[in-house]
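These notes concern the structure reproduced below.
The values are calculated or read from the model by the stated rules, or taken from the named source; none is laboratory data. Because the structure is a prediction, the values reported are computed rather than measured. Don't worry about glycine lacking a Cβ; one is built from the backbone with ideal geometry, like all the others, and counts go over all protein chains shown.
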Amino acid sequence: MPAPTYLSPPSLPLHHTAIATATATASASLLSGGRSRRSCRRHMSGLVLLKAKVGDGDGHVDGGDELLLASRRHAVLGVARVLFAAANERCLRGMDRAALGRGSFFAGAMANSWRVLMQGLASLMFLCARADEYVRQPPSPLVLTAHDKPAAHPQQVHISTVGRDKMRISWVTDDRSTPSVVEYGESRGNYTASATGDHVTYKYFFYESGAIHHVTIGPLAPSTTYHYRCGKAGDELTLRTPPASLPLELVVIGDLGQTRWTASTLAHIGGADYDMLLLPGDLSYADTQQPLWDSFGRLVQPLASARPWMVTEGNHEAEALPVVGFAPFVAYNARWRMPHEESGSASNLYYSFDVAGGAAHVVMLGSYAEFEEGSEQRAWLERDLAGVDRRRTPWLLVLLHAPWYNTNQAHQGEGEAMRAAMEALLYEARVDVVFSGHVHAYERFTRIYDNEADGRGPMYITIGDGGNREGLALKFLEDHKSAHLSVFQEASFGHGRLRIVDETSAVWTWHRNDDEYATVRDEVWLESLASPKLSMAATSRHDEEL
Ligand SMILES: [Fe+2]
């Protein structure tokens, strides 16, 4: 099926009266949701035709008119941006308060209505002013997932790989007296084994968490579906263990949040099979509102209970309030326990693991743990990389939150200190790819070392476009010092997949999720840096080639 193409009509003189009908129709499509993007494209195509008909006949416009139009466009865009900001800050705050029981339902509904109205007006003004440019969807409201079952019923189930052949099952019960037990087996309803773990709780102001259970099951066979039940009371769930060898399919997504865009991303991820999900930080966007951690856990459970979700922390996980004594990452560490002890790390904020029988080694770094010379994290990273035998492990991947290379206007320079402290270690270890998040857009660089293209350095990919409520980082800097190293940039929501085919070849694809189809927007084949050839990525395709 051919991929939809971006609308990029030629610049023609505007006629505001003539375009009004088509613009209003396109705006209505934007507000209607669902098939809005494609509908909008169709109406925008109609808009282009109208523009062509009302032009001055020779397709030209004089300089005075151009200046006038540019000035009007600028003014309209300025007002639209103000409306946009007002809708997304104040109304979201009101909706959150209502959803968390700190405001009235009526106030929440009013906030939602105002937000839709303001965004509709903003979209209309954007369309009027920038009819010849692609119009992106605004940030989306939260999707809050309720728990309507008894307090002892397990919820927020997610799994993570532990060691060579074990899996940690994590879940929450509002009832703190329920057992931390997982029963499991290879056939439905026939549990041939069980394991017992523990649970933790935490407090944050007036919020008291439920019991957060962690149970490690195994040994498990590779590439095998297991049926399991948590706490002797939950629904039966299924998981599939990763393969013991290549090929291996990894999903990578950052800055996920819990909006309609998140739901769209999750639907696209779930639409095609994979072995494991890697998340380089910024999960729930709870931002101190602890019930949002619970809502996020319920939102991702259908996927996170079926395949291992391996995560590292972002800035939105910190939630530190030093004045009142709240240490950073309390909720994150309690809820998303990762296999740091098994990889010799003293902190849940950085760790590593093998997958596919050791064919790939994944290092999860902590952008918000100390990383300088002499720090625990740096010493651990040196030890961890020294233990990787590239003859046995042809693929070496690193994930972290704040990108080291970034030409987007957002978060400029925030990863620079960590890059300066650790880049040489990754380069000497011949890391194949470094994934990061934080910037809400997609960007792929060539192989780099120390700000120069280098075929023996990692490929850098920013994939912070999961769909959170802060919206997209729209502006890429064409005159940035790293611009010549940046191969592909786009500010759209989506997710990525790394399919490691064999010991030497892998293919990375980026899937933009605001199309009706699971469209591959960017694709690149890469060769393992453990390969004797040590060559740069072979071929890449993107844009309308795909
Ligand atoms: Fe972030």
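Kindly evaluate residue 322 against the criterion of being touching a Pro at 6+ places or on another chain (Cβ under 9 Å), over 17 Å from residue 426 (Cβ atoms) and free of Cβ contacts under 8 Å to residues at least 12 places away in the same chain. Answer is yes for this residue. Within segment 335-362, the only residue that satisfies the criterion of being of a type in the set (Gly, Ala, Ser) and either modelled with pLDDT under 95 or under 13 Å from residue 311 (Cα atoms) (or both) is 352. Applying the criterion of being surrounded by fewer than 24 Cβ atoms within 10 Å (Cβ to Cβ) and small (Gly, Ala, Ser) to the residues of segment 306-328, the residue that is farthest from the ligand (Cβ to nearest atom) is 306. Considered as a group, the residues in segment 453-462 that are more than 12 Å from the ligand (Cβ to nearest atom) and crowded, with 16+ Cβ neighbours inside 10 Å include one that is nearest to residue 316 (Cα to Cα), and that residue is 461. Could you list all residues from segment 210-248 that are part of a strand (DSSP E or B) and charged (D, E, K, R)? Result: 229, 240.
Scan segment 265-278 and tell me whether some residue there is outside any helix (DSSP H, G or I), in contact with a helix residue (DSSP H, G or I) (Cβ under 9 Å, 6 or more places away or on another chain) and in contact (Cβ under 8 Å) with a residue 60 or more places away in the chain. The answer is no, given that none of the residues of segment 265-278 is outside any helix (DSSP H, G or I), in contact with a helix residue (DSSP H, G or I) (Cβ under 9 Å, 6 or more places away or on another chain) and in contact (Cβ under 8 Å) with a residue 60 or more places away in the chain. The set of residues in segment 463-498 being within 16 Å of the ligand (Cβ to nearest atom) and outside any strand (DSSP E or B) consists of 464, 465, 466, 467, 468, 469, 470, 471, 472, 473, 491, 493. Within segment 242-263, the set of residues being crowded, with 22+ Cβ neighbours inside 10 Å and either hydroxyl-bearing (Ser, Thr, Tyr) or within 16 Å of the ligand (Cβ to nearest atom) (or both) comprises 252, 253, 254, 255, 256, 257, 258, 259, 261, 262.
Taken residue by residue, segment 490-513 has at least one member that is touching a strand residue (DSSP E or B) at 6+ places or on another chain (Cβ under 7 Å) and either more than 23 Å from residue 274 (Cα to Cα) or not assigned by TED's automatic domain parsing to the domain that holds residue 416 (or both).
Among the residues here, residue 383 does not qualify as more than 16 Å from the ligand (Cβ to nearest atom), in contact (Cβ under 8 Å) with a residue 60 or more places away in the chain and of a type in the set (Lys, Arg). Considering the conditions (1) at pLDDT 95 or above; (2) within 16 Å of the ligand (Cβ to nearest atom), residue 202 is excluded by exactly one of them, (2).
Being under 14 Å from residue 336 (Cβ atoms) and not in a loop (DSSP other than H, G, I, E, B) is the filter here, so list the residues in segment 280-291 that pass it. If the condition is that a residue be under 14 Å from residue 336 (Cβ atoms) and not in a loop (DSSP other than H, G, I, E, B), then 280 is the only one that fits.
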